[in-house]
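Here is the structure we will look at, set down as structure tokens.
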Amino acid sequence: MAQGSGSAGGATRALGLGTLLCLLLLLAHTADAATYTVGDSGGWTFNMASWTRGKRFRAGDVLVFRYSRSVHNVVPVSAAGYNGCSAPRGSRTYNSGNDRITLARGRNYFICSIAGHCQSGMKIAVVAA
Ligand code: CU1
């Protein structure tokens, strides 16, 4: 009987250790989050396609969009919105000129919804691992 309760205790300890490991992984992941200024010193502007090249983004990384708020904006869109350069009515629109947006796992698409800008390459597609 004593042996039985001992092994149950072991299972509980193993569960506790698993939970602890998960928490540590989560913390490590958070600490890893990087911040990227979109377009680097040039900021968020036209012909952005090459900016993502060679970068490895992770979920939780932060993109900083810097631009003149009187000229541009930032709208997260779907793949269709990205390809067609259209933002659905009611889309959340960032327009502070210094917007911080956290990447979700998977594909993240952003366009400028000012007429003609996305068509001129003011759009990025970011894949976050
Ligand atoms: Cu724009």
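All of the numbers you see were taken from the coordinates with simple rules; none came from a lab. Note that the structure is a prediction, hence the values are computed from the model and not measured. Here the Cβ is made from the backbone with ideal geometry for all residues, glycine too, and neighbour counts use every protein chain on show.
Inside segment 33-68, residues that are within 16 Å of the ligand (Cβ to nearest atom), surrounded by fewer than 13 Cβ atoms within 10 Å (Cβ to Cβ) and closer than 16 Å to residue 110 by Cα make up a count of 2. Of all positions in segment 99-110, none carries a residue that is surrounded by fewer than 16 Cβ atoms within 10 Å (Cβ to Cβ) and within 15 Å of the ligand (Cβ to nearest atom).
Across segment 69-91, the number of residues qualifying as within 16 Å of the ligand (Cβ to nearest atom) and under 15 Å from residue 110 (Cα atoms) comes to 12.
If you go through segment 31-42 one residue at a time, do you hit one that is assigned to a loop (DSSP other than H, G, I, E, B) and either over 19 Å from residue 127 (Cβ atoms) or without any contact (Cβ under 8 Å) to a residue 24 or more places away in the chain (or both)? No, that holds for no residue.
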